[in-house]
Structures are given as C-alpha cells and as structure tokens.
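Please read the structure below before turning to the comments.
No lab work stands behind these numbers, since they all come straight from the coordinates. Every value quoted in this text rests on a predicted model; they were computed, and no experiment measured them. Don't worry about glycine lacking a Cβ; one is built from the backbone with ideal geometry, like all the others, and counts go over all protein chains shown.
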Amino acid sequence: MASSSLSTSPCAACKFLRRKCQPECVFAPYFPPDQPQKFANVHKVFGASNVTKLLNELLPHQREDAVNSLAYEADMRLRDPVYGCVGVISLLQHQLRQLQLDLSFAKSELSKYQNLGLINHHQNLGINNLIAAAGGGGGGTHHQLFLRDHHHHHRAITINGYDAAASSLLVMNVSQPRGPVSPRG
C-alpha cells in the first residue's frame, strides 16, 4: 500500500494516450498532469509519434523550447487552421509598421512645433529692432504688434525700409496719444 501512495500521476501525454507513464517518459517533464489540453492540442496537430521522434533527436536542454514552440503553433493552428501563428505574426508586423508610421508622423509634427518655437523666440528678440526700424520710441506714436497667422498668405509690407513680410510680425503705426490700450472683446 505504501508504494501505491508514493506513485505519481501519469503525465498529460501518457494519460491522454492511456498508457503507463514510465520514469524515462520523454513527455513527462514537458506535459504535466495538470495541463492535459496542452498535449491534446500538440497531438491533434503534430501527432504523438512525430513529437516523440522530434524530442528524442534534440539535446535535453533544447526540448523545453521545442515543446513550447510546438504547443504555441498547435494552439494557433487550431484557432486558425489556414495561417496558424503566421497569421498572428503577419498581424503584429502590420501593427508594428503602422505604429512606426504614426511615430514618424508625430516626430515630424513635434519638429515643426519645435522649429516654430525657435523662430518665434528669435523674432521676439528682434521686436525692439523692428520697432526702432519703424520709427518708434518717441513722441505721440503708439506701436501695436500683431502676430501673423501662419495660415494666411504673406503680404509685402515695408515700414521705413523694413520688409515686414520677411518676419512673422506686423508693426503698425497708430497715430494717437499714448495711453492705456483697452482689450478688444
């Protein structure tokens, strides 16, 4: 009786094939009794004798990877009999290409905004020079600066010999006494 209580349950392969599981069973390390579906799928797709031959031809340290590959391929082949895991690989490659395109587009857009930020920074540094070129700084003249909308066409406007079309700023001389400028509503 002691020997029957010490006996282990057969591996999933031997249980499925209804045979006694021997101590040297090639399936036992890779198809434990609690994973019967794993062997059932491999057997259905590849056949037990083919898997036995394959495992016996491999070195012991290569067998676990081989069994995991066979189990994955069998599972995918049962889900998609035509393409198997190749269908999954193809889908993942398509998703990867799409993500690479999206990333490339996002980088391009980011670069545009970064370049626009640099241009605006340099233009803001040149505002004082632009006001001086427009004849500003003294008397009763008030200068208003308007940022040009980048979506409109460029117009050549020359103020005191300064080509305002080369800049993204437009300077207008408004002849009125200096005073508080009320915001437009």
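General observations
- Packing-based ranking, highest mean first, of 75-84, 98-107 given that Cβ atoms within 10 Å are counted: 75-84, 98-107
- The residues neighbouring F46, those whose beta-carbon lies less than 15 Å from its own, together hold a net charge of +2 under the Lys/Arg +1, Asp/Glu -1 convention.
- Distance between the pseudo-spin-label points of K20 and Y72 (7 Å out from Cα toward the beta carbon): 3.7 nm.
- Pair-distance profile P(r), taking every C-alpha pair of segment 29-121, with 10 angstrom steps and integer %: 14, 28, 19, 13, 11, 9, 5, 0
- Extended-chain gain in nm, criterion 0.36 nm per residue less alpha-carbon gap, R79 and A40: 12.6 nm
- Ranked packing of 38-44, 16-22, 88-94, 28-34, most packed first, by mean Cβ within 10 Å: 38-44, 28-34, 16-22, 88-94
- Rounded, prolate or oblate (a/c below 1.5 giving rounded, otherwise prolate when a/b exceeds b/c) for segment 8-79 by Cα gyration tensor: oblate
- Distance between the modelled labels on Q93 and Y113, one decimal in nanometres: 3.4 nm (7 Å Cα→Cβ projection).
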